[in-house]
Amino acid sequence: MSAITNTSDHGHDSALHHQFEDIGQQNDSYIVGMWVFLSTEVMFFGALFFIYTLYRWNYQLDFYIAHEHLDVKLGAINTSVLLFSSFTMVMAVQSAQLKRRLHVIGYLLTTIVCACTFLVIKYFEYSSKIADHLYPGAGFATDAHAAFGAHAFEAGKLAVNMNHAQLFYALYFGMTGLHAVHIIAGILVILALIRLWVIRAKSVTLDYIPTEMVGLYWHFVDLVWIFLFPLFYLMPKPH
Amino acid sequence: MSSTVIPSGELGQQAEESNYLNVKHTIASWLLTGDHKRIALLYLVSTSFFFFLGSIAAGLIRYELTSPAGVVLESETYNKVFSSHGILMVFTFLVVAIPAIFGNFLVPLMIGARDLAFPRLNLASWYMYMTGGTLILAGMIFGGVDTGWTFYTPYSSMYSNGQVTMVIIGIFIAGFSTITTGINFVVTIHKMRAPGMTWFRLPLFIWAMYATSLMMILATPVVAITLLLVVYERTFKLPVFSPELGGDPVLFQHLFWFYSHPAVYIMILPAFAIVSELIANFSRKRIFGYHFVAFSSLAIAGLGFLVWGHHMFVSSQSMYESIVFSLISYLVAVPSAIKIFNWMATMYKGNIRLQSPMIYAIAFLMIFTVGGLTGLFLGAAGTDIHLTATYFVVAHFHYVMVGGTMLAFLGGLHYWWPKITGRMFSDGIAKVNAVIVFVGFNLTFFPQFIVGWLGMPRRYHYYYFAPEFQAYHIMSTLGATVLGLGFILPAFYLTMSLFTGPKAGPNPWGAHGLEWETSSPPPTSNFTETPIVMDEVYDFDPVSDHAKDLKDIEERNRRRSEEGYCGSEDDN
Amino acid sequence: MASQTSHSHEHHIVPTSTYLLTLILLVLLMLATVWAASFNLPAIGPFSGTVVNQMVALIIATAKALLVIMVFMGVRWSSTLAKLWVASGFVTLILLFGILGDYTTRHYEHQHGWEARPDGSLPRSTPDEEVVPPINANDLNVKIRQ
């Protein structure tokens, strides 16, 4: 490699940006950069998980009763959908390594289908909460019996403080909502990636690293849900 | 790659003529640039603008306090003014300024890279910063915020009537600009170093920037999500931090300070970065205990995550926790002292050149030491109960933030000005200005220690209950006027130097470091050839230094006798 | 610049079977966690049954997360630097959870008279007829000097 700068036209290698010396350096930088970004995401969601932990610990029974309204089956289906989308994503990366262009596009499209399925199921879950006035805010349900039925009572006594139930739903909508925002962002990024593969852009076809970076982001979204699912849907009854 | 080799002579000549400033002149070439040096200049202009606005707010505060009954501002207006001062200074100046200006400009130059790893991300970070800053300003124009820069709940989330939402979203976006800058620095420092540039050949500036980036990346998202929750709670009247509905306001303080204590180090570590360079280069010596100074930066970054509780001694935090935080806070003194002592040991028997950047560095040492030592009063849980929310705290953090960060900023600006613009300024007037800043600063903030110790609370806009404080406040206001002059003067004489200053040449200070080996201003690609680092960092050669001094004196005498020059102001 | 170019990006093409096996494991673990949550597990040692239930759920979640990070995200085959940054986020998160130290060492007191009323209004506008229970000095964690 010559030491001369001003060689941004690297001829055979148009995917290389001018600030890098060779493609290896560029790829390493991209992967490290992506992981550094993901560590900020870990802290971003981590703070929310911390808040959740604290309030769950303080209001165990209220949170348990409030969580009874969530549907474990839908949550489990959503988890499987996301896990499967992670698998198709990783297969897309593998196909990119093997330079099988059509395979990459196919796997990426499957990933998007999974992501949309996830969002549709999420939509049904959200609408059932909203129908029962379990959305955080001024309109939050005040009648525990109407909202949670028999679950709201423990030995004939009202066992749930609706303020604390609202706290649960504030965190539920906040955390799953932020996760859904990440899913939507992921769909857009994957669409952009598919477009690049379709038009055979050299920036993605010459090397698998751009596909790998999108993959890392997508697995992170999956990772968040892996923790959201047991924390929100699988709450043990305080005993 | 032999096909792309350009004869080096031709290229060198080309680079002599074209540099990053004159390569293109259109506005689009500035606003859409990927060049880290141009982005640094964009940041220089924009942060200076926000600093100017923050200073106006500071001026209003000082003017209001000249009388025990207040002068011009209503209570609520006063609250909005000090909040604006805090928010603008912290979120749009102190956290951003040194990393985004000097870090952006110097990190690639110092490690011998052509650019940062992600130039487009770098530009995006400037746009995020401007969007955030604009939202913050808009919030202040359309109603203002009266919560202080800390946004304590439940006041900010339930009761305050100002534009809290808009300002918080501005801070949120500006926060992401900080994060992207941090990501860029980390990747660049890890992956883009020139051949031979090992970790222990890196200038200490780079070490401190790395530590700063670490905190930017890992702490900023916490405050981002916390402030977002305040907006969430404010919009929907939720119970996240409100005690009325089962939330815990102390949780907000925990999360806020989990970021904001590291943020304090995000503000001061870049100052350490600059001062290390100044002290080494103007003492003509390798930094004493290079490894210790380098690792003390990382130690400060690490400890920064463990001491947030010392901001909360008077909240309902458990007293056991207060004791632990108090003890860990003392530990921070260790790496800070390592730095101070090593700088002093570097100066000892050094060949010190008292040019203007060095005077700022020495002023920094004195002021930062006072600021750091008064921090011990506040870190001790016992005395802190007495001093919480008094002017003692105000004086302490201004000694660290203004006397520390601001002086280092000015020192760095003078030091790298010839590199950034290619022009020398008049060193004489810069020295005078350094003295003005030093005197003005101490006159402003030293009386605040005393008046704070006597019991003057912060954030009050009158003190008719203790009119005897007036003398201190008037002293402080006078000092602020002098300090203001010290901040305005550089704007004039540095701008003047652009038109009248002599050409600087690649290395006007005789400094050591890769950034001084390229032309001033540097070409767009920084170096005509990728540098190969053969020598150690701060590797000054006293013998050749001495010889060069003699040669300089000879040269100067010759020039003077030729030109019949007898001025003394400009002789550096 | 070139000195930093370790060729750690060489193509580690992981066979499809590995990925498929990981997916199957992940789905099995997901089913296991749902199944485990259907029981009220007994207390073990100092941990109450609730805690045991929750620990099982979180251990399974952590196992799933590790599978995703190591295999799908390819950290197993990544450079040391990438591994360090993977760790850094989680280590800092542990520091953040240190905030719990405060809540375990103080009494989280409930203050009477500050709850929102059933209509959702805040107690700032407490009507006069509402009776606020007097604060009993014995409830507070302070000594009143005589």
| Does the range A:166-185 include one or more residues that are modelled with pLDDT of 90 or more and farther than 20 Å from A:Y52 by Cβ? | yes
| message | Just the residues that are hydrophobic (A, V, I, L, M, F, W, C) and either more than 7 Å from chain C (Cβ to nearest Cβ) or touching a residue at least 60 places away in the same chain (Cβ under 8 Å) (or both), please, taken from the range A:221-239. | response | A:V221, A:V224, A:W225, A:I226, A:F227, A:L228, A:F229, A:L231, A:F232, A:L234, A:M235
| field | The listed residue being over 22 Å from the mean Cα position of the chain (by Cα), under 30 Å from B:L245 (Cα atoms) and either without any contact (Cβ under 8 Å) to a residue 60 or more places away in the chain or buried (at least 24 other Cβ atoms within 10 Å of the Cβ) (or both), out of B:G143, B:G162, B:G170 | value | B:G143
| Selected residue [exposed (fewer than 15 other Cβ atoms within 10 Å of the Cβ) and among the aromatic types (F, W, Y)] from A:Y123, A:Y169 | A:Y123
| said: Any residue that is within 22 Å of B:E277 (Cβ to Cβ) and of a type in the set (A, V, I, L, M, F, W, C) - is there at least one of those in the range B:156-173? | reply: no
| task | Collect the residues in the range B:523-557 that are within 14 Å of chain A (Cβ to nearest Cβ) and either among the β-branched types (V, I, T) or over 22 Å from B:W207 (Cβ atoms) (or both), keeping them in residue-number order. | result | B:P523, B:T524, B:S525, B:T528, B:E529, B:T530, B:I532, B:V533
| message | Filter the range A:95-112 down to the residues that are in a helix (DSSP H, G or I) and in contact (Cβ under 8 Å) with a residue 24 or more places away in the chain and list them by number. | response | A:A96, A:Q97, A:R101, A:V104, A:I105, A:L108, A:L109, A:T110, A:T111, A:I112
| request: Return yes when B:L204 is touching a helix residue (DSSP H, G or I) at 6+ places or on another chain (Cβ under 7 Å), more than 14 Å from B:S84 (Cα to Cα) and surrounded by 24 or more Cβ atoms within 10 Å (Cβ to Cβ) and no when it is not. | output: yes
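Are any residues in the range B:35-47 within 30 Å of B:Y460 (Cα to Cα) and either basic (K, R) or modelled with pLDDT under 95 (or both), and if so, which ones?
none
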| task | Within the range C:30-45, track down each residue that is at pLDDT 85 or above and surrounded by fewer than 18 Cβ atoms within 10 Å (Cβ to Cβ). | result | C:L31, C:A32, C:W35, C:S38, C:F39, C:N40, C:P42, C:A43, C:I44
| query | With respect to B:L229, is the statement that it is buried (at least 24 other Cβ atoms within 10 Å of the Cβ), over 20 Å from the mean Cα position of the chain (by Cα) and within 12 Å of another protein chain (Cβ to nearest Cβ) true? | reply | yes
| message | Tell me whether the range B:210-225 contains one or more residues that are among the aliphatic types (A, V, I, L, M), surrounded by 24 or more Cβ atoms within 10 Å (Cβ to Cβ) and away from chain A (no Cβ under 14 Å). | response | yes
| said: I'd like to verify a number: residues in the range B:279-317 that are of a type in the set (S, T, N, Q) and closer than 21 Å to B:T150 by Cβ, how many? | reply: 3
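Could you please give the count of residues in the range C:86-99 that are within 7 Å of chain A (Cβ to nearest Cβ) and either surrounded by fewer than 18 Cβ atoms within 10 Å (Cβ to Cβ) or among the β-branched types (V, I, T) (or both)?
Selection size over the range C:86-99: 5.
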| field | Selected residue [closer than 30 Å to B:I279 by Cα and crowded, with 20+ Cβ neighbours inside 10 Å] from B:G484, B:G479, B:G452 | value | B:G479
| Which of the residues belonging to the range B:329-347 are touching a residue at least 40 places away in the same chain (Cβ under 8 Å) and either closer than 30 Å to B:P508 by Cβ or part of a loop (DSSP other than H, G, I, E, B) (or both)? | B:K339, B:N342, B:W343, B:A345, B:T346, B:M347
| said: Based on this model, can you work out whether A:Y217 counts as within 21 Å of the chain's Cα centre (by Cα), within 14 Å of chain C (Cβ to nearest Cβ) and assigned to a helix (DSSP H, G or I)? | reply: yes
| message | Within the range B:177-197, does at least one residue satisfy the condition of being at pLDDT below 95, part of a helix (DSSP H, G or I) and surrounded by fewer than 20 Cβ atoms within 10 Å (Cβ to Cβ)? | response | no
| Which helices (runs of 4 or more DSSP H) does the range B:386-484 wholly contain that include 2 or more residues that are more than 24 Å from B:S497 (Cα to Cα) and within 25 Å of the chain's Cα centre (by Cα)? | B:391-400, B:427-454
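The values are calculated or read from the model by the stated rules, or taken from the named source; none is laboratory data. The shown structure was predicted, so the numbers you read here are calculated from the model rather than taken from an experiment. Quick reminder, even Gly has a Cβ in these numbers, built from the backbone with ideal geometry, and neighbours come from all protein chains shown.
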